[in-house]
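The values are calculated or read from the model by the stated rules, or taken from the named source; none is laboratory data. Not measured: the values here are computed from a predicted model. Please note: Cβ atoms are built from the backbone with ideal geometry, for glycine as well, and neighbour counts cover all protein chains shown. Note: accessible area is taken over every heavy atom of the protein model, side chains too, but ligands, DNA and RNA are not part of it. Shrake-Rupley method; radii C 1.70, N 1.55, O 1.52, S 1.80 Å.
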Amino acid sequence: MKQFVAREHEMEPVPGLPEYLPDGEKMLWQGRPSTRLLARHLLKNRWITGYFLILAAWAVIGGLYDGRPLAGIVFSVAVLTALAAILIGMLELFAWAVHKTTLYTITTQRVVIRFGVAFSMTLNLPFKQLAAISMAELPGGAGHVAIQVLPGHQISWLVQWPHVRGWRFANVQPSLICLADAKKVADILALAISQNAAVTSGHSRLAHNDTSPQGAVPASVEAAE
């Protein structure tokens, strides 16, 4: 599999992966960002709704204070309501599109992020190129899992958005965003990284400390829309 961003996988042999996994590598988890969390926390639809409510209240109060006809006030509120509905609808549609076109994959050797609403791309992050992971919590147990790569590996913030940690332009951190079960995903990723490090370091006693049953089905989570 290629490192970092690739575009040549319009026909995926495995959902979320541009190629079949090499022998010995197993899929541990797959999931998507939640549409509801994307709209609320990434696109700030509640803040935008509140903004239009303030504008509507201002139109009513200002119109009454200025002595405008009731029909004119109602018309102004109707226009604001229509604009708000169009904008919120577009944001919800974009959140749904991100949900449908994104697939996060954690294997025993890498993290793969398939993303792109207009153009589908894949970000391939082998564990050996990762420096650290961190989790930002959201209400209700949801959150983001950010991945810090080793120095010298350049990732475009603009190309990777919205699957990046916010306001980290110089040191871009790819992220698994708006996960309903972020803590579980972070634990799976941390354990996979530590076990991979044990294997590559040659400590066989640690490398084979795997209590999962043989042939277990990989965790797969479909985030709520």
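Results, tabulated for the structure shown:
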{"quantity": "One residue from L83, L87, L138, L91 being touching a His at 6+ places or on another chain (Cβ under 7 Å), more than 27 Å from L21 (Cα to Cα) and of a type outside the set (V, I, T)", "calculated": "L138"}
{"quantity": "Candidates R36, R32 - the one that is in contact with a His (Cβ under 7 Å, 6 or more places away or on another chain) and open to solvent by 40 Å² or more (accessible area, probe 1.4 Å)", "calculated": "R32"}
{"quantity": "Inter-residue pairs, beta-carbon under 9 Å, first farther than 17 Å from T81 by Cβ and open to solvent by 60 Å² or more (accessible area, probe 1.4 Å) and in region 40-68, second part of a helix (DSSP H, G or I) and of a type in the set (V, I, T), 6+ apart", "calculated": "L64/I73"}
{"quantity": "Failed item in (1) exposed (fewer than 13 other Cβ atoms within 10 Å of the Cβ); (2) in a loop (DSSP other than H, G, I, E, B); (3) among the charged types (D, E, K, R), with R168 passing the rest", "calculated": "(1)"}
{"quantity": "Set D181, D187: member being of a type in the set (D, E), closer than 16 Å to S34 by Cα and open to solvent by 10 Å² or more (accessible area, probe 1.4 Å)", "calculated": "D181"}
{"quantity": "Hits in region 101-115 (condition: closer than 16 Å to Q160 by Cα and open to solvent by 20 Å² or more (accessible area, probe 1.4 Å))", "calculated": "T101, R114"}
{"quantity": "Region 136-165, residues that are open to solvent by less than 60 Å² (accessible area, probe 1.4 Å) and in a strand (DSSP E or B)", "calculated": "A136, G143, H144, V145, A146, I147, V149, V164"}
{"quantity": "Which numbered condition R110 fails, given (1) of a type in the set (K, R); (2) over 15 Å from the mean Cα position of the chain (by Cα); (3) closer than 27 Å to F94 by Cβ", "calculated": "(3)"}
{"quantity": "Boolean, I88 is farther than 20 Å from R32 by Cβ, β-branched (V, I, T) and modelled with pLDDT of 95 or more", "calculated": "yes"}
{"quantity": "Which numbered condition F75 fails, given (1) within 23 Å of V145 (Cβ to Cβ); (2) among the aromatic types (F, W, Y); (3) at pLDDT below 95", "calculated": "(1)"}
{"quantity": "Any hit, region 149-157, residues being aromatic (F, W, Y), within 15 Å of the chain's Cα centre (by Cα) and at pLDDT below 95", "calculated": "yes"}
{"quantity": "Flag if K26 is open to solvent by 50 Å² or more (accessible area, probe 1.4 Å) and at positive phi", "calculated": "no"}
